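The values are calculated or read from the model by the stated rules, or taken from the named source; none is laboratory data. Since we're looking at a predicted model, the values are computed, not measured. Cβ: placed from backbone, ideal geometry, glycine included. Neighbour counts: every protein chain shown.
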Amino acid sequence: MLRAGKLRDLITLLVFVPSTDPRWGNVPGWVSFAQAWANVIPLPGTSAGAESFDSQGVQSETAYTVTMRWRPDLDSTCRIQYRNQTLEIVSAVDPDGRQRELVIQARAYEEVE
């Protein structure tokens, strides 16, 4: 059972919504659709981040586990705004199948100069 006292981090849930700008045409954008209380924990061994190199340069990745009350409208196409970071959802699982809580695996990327 999920206890309310453990949910001490306020997060904002984001969904991708393409919008149309009369001058530029379709403009992609992320829009907040809800706020929720959650427990956000950086995964052990990733607090310093793992660096990777791709065509856009070096990126630092930090993995998180986010636990929150169950919602039917949250999946891997959404993102989470936590403090000043945007977390990309890797998976969202209902651990006991009773629609009480969601355990989310997410990751944050930062560009390294």
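Would you check if Glu110 is of a type in the set (Asp, Glu), part of a strand (DSSP E or B) and either modelled with pLDDT of 95 or more or under 21 Å from Phe16 (Cα atoms) (or both)? Write out each step before concluding.
Numbers: of a type in the set (Asp, Glu): yes; part of a strand (DSSP E or B): yes; either modelled with pLDDT of 95 or more or under 21 Å from Phe16 (Cα atoms) (or both): yes.
Here the answer is yes, as Glu110 does meet what is asked.
Please find, among Arg83, Arg98, Arg71, the residue that is closer than 14 Å to Leu14 by Cα, among the basic types (Lys, Arg) and loosely packed, with under 13 Cβ neighbours inside 10 Å. Don't jump to the end; show me each part of the working.
On the way: Arg98 fails: closer than 14 Å to Leu14 by Cα; Arg71 fails: loosely packed, with under 13 Cβ neighbours inside 10 Å.
Step by step, each of Arg83, Arg98, Arg71 is checked, and only Arg83 is closer than 14 Å to Leu14 by Cα, among the basic types (Lys, Arg) and loosely packed, with under 13 Cβ neighbours inside 10 Å.
Could you tell me whether segment 32-47 includes any residue that is loosely packed, with under 12 Cβ neighbours inside 10 Å, modelled with pLDDT under 90 and under 17 Å from Tyr82 (Cα atoms)?
Taking every residue of segment 32-47 in turn, at least one turns out to be loosely packed, with under 12 Cβ neighbours inside 10 Å, modelled with pLDDT under 90 and under 17 Å from Tyr82 (Cα atoms).
May I ask you to list the residues in segment 75-99 that are assigned to a loop (DSSP other than H, G, I, E, B) and farther than 14 Å from Trp37 by Cα? Explain how you work it out, then say what you get.
Here is the first cut: in segment 75-99, the ones assigned to a loop (DSSP other than H, G, I, E, B) are 75-78, 83-84, 94-99.
Answer for segment 75-99, where residues must be assigned to a loop (DSSP other than H, G, I, E, B) and farther than 14 Å from Trp37 by Cα: Asp75, Ser76, Thr77, Cys78, Asn84, Asp94, Pro95, Asp96, Gly97, Arg98, Gln99.
Collect the residues in segment 1-25 that are assigned to a strand (DSSP E or B) and either at pLDDT 80 or above or hydroxyl-bearing (Ser, Thr, Tyr) (or both), keeping them in residue-number order. Can you show your working first?
Kept after step one, since they are assigned to a strand (DSSP E or B), are these residues of segment 1-25: 9-16, 19-21, 25.
Answer for segment 1-25, where residues must be assigned to a strand (DSSP E or B) and either at pLDDT 80 or above or hydroxyl-bearing (Ser, Thr, Tyr) (or both): Asp9, Leu10, Ile11, Thr12, Leu13, Leu14, Val15, Phe16, Ser19, Thr20.
Looking at segment 61-107 only, could you name the residues that are more than 8 Å from the chain's Cα centre (by Cα), under 18 Å from Val31 (Cα atoms) and aliphatic (A, V, I, L, M)?
Within segment 61-107, just Leu74 meets the criteria.
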